[in-house]
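One structure is given here, and the rest of the page talks about it.
Readers should treat all values here as calculations from the given coordinates under stated rules, not as data from a laboratory. These numbers were taken from a predicted model, which means no experiment stands behind them. Neighbour counts are summed over all protein chains in view; Cβ atoms, including those assigned to glycine, are modelled from backbone coordinates with ideal geometry.
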Amino acid sequence: MPNGSLDKYIFSSDGTPIHTIPWEKLNNIALGVARGIDYLHRGCDMMILHFDIKPQNILLDRSFTPKVADFGLAKLYPKEFNVVSVSAAKGTIGYIAPELVSRNFGVISHKSDVYSFGMLLMEMAAGRRNVDPNAGSSSQIYYPALIYDKVHRWEKEINEFGESFEMNEVEKKLYMIGLWCIQVRPLDRPSMNQILQMLESDATSLQMPPTPFFSWSSTISKNVHSKNTSAATFFTAIGEDKWIYDTNY
């Protein structure tokens, strides 16, 4: 593809955050990837699970329209299957859903791709990889915990020069949707169809997702939601495969 893969536009060689793509275009790329994955899950005769969604596998054409690539780990299943079986964990470290590692977290399904997509969204917004081997402590290593903390205090972020600034709306939206996508229980994650609805909305219409399950940050632990919420809680079904955001929750 003329513009190569997404990773070279969101990751720097030295690990510092970069943002070479404007926010609106980044949102359009996220929408394009979501449409592609949704097509794999619902648009073909068989359900196709990719199992390796990551920036390196998102190719960009001349107009930066994304294409989902590398189906080396993909599997086909009948559409009516809500649960699928695999012989071993599939994917790339940092993007593998918990249920692919241990069935104690839930069943393997299309929601495993949703988890990987969530990690991708957060990387797109942050401009850094979700796995940082050079992090100095466990709380720094767990990337989603840092993202949750950042979104929670998004109204008044302080940059490296001590100046306050507002978080971009697209940035916040990608973070929030990403955090919904990486909920540990597959049932708590939205479907790709729901994610499309979320990406087409604005950040102010989205509910703050629950704290990431594996968070051990003392800052974040104080902000754990008291309610046992799930993505489905915030959506109301309107006919077949039609979902709207419930702002009256």
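Let me know the shape class of segment 55-121, please: from the alpha-carbon gyration tensor, a ≥ b ≥ c as square roots of the eigenvalues, rounded when a/c is under 1.5, otherwise prolate if a/b is greater than b/c, or oblate. Judged from the Cα gyration tensor, segment 55-121 comes out prolate (a/c at least 1.5, a/b above b/c). Scanning residues 5 or more positions from residue 47 or on other chains, those with amide H under 5 Å from its amide H are 77, 79, with H placed 1.01 Å from N in the peptide plane.
Once the Cβ-Cβ distance of residue 16 and residue 45 is raised to the sixth power relative to R0 = 41 Å, the FRET efficiency obtained is 0.35. Of the peptides 196-205, 3-12, 73-82, the order by per-residue mean of other Cβ atoms within 10 Å, starting with the highest, comes out as 3-12, 196-205, 73-82.
What the phi angles of segment 195-201 give under the Karplus curve with 6.51, -1.76 and 1.60, with θ = phi - 60°, is a coupling list of 4, 4, 4, 5, 5, 7, 9 Hz, glycine and proline written as x.
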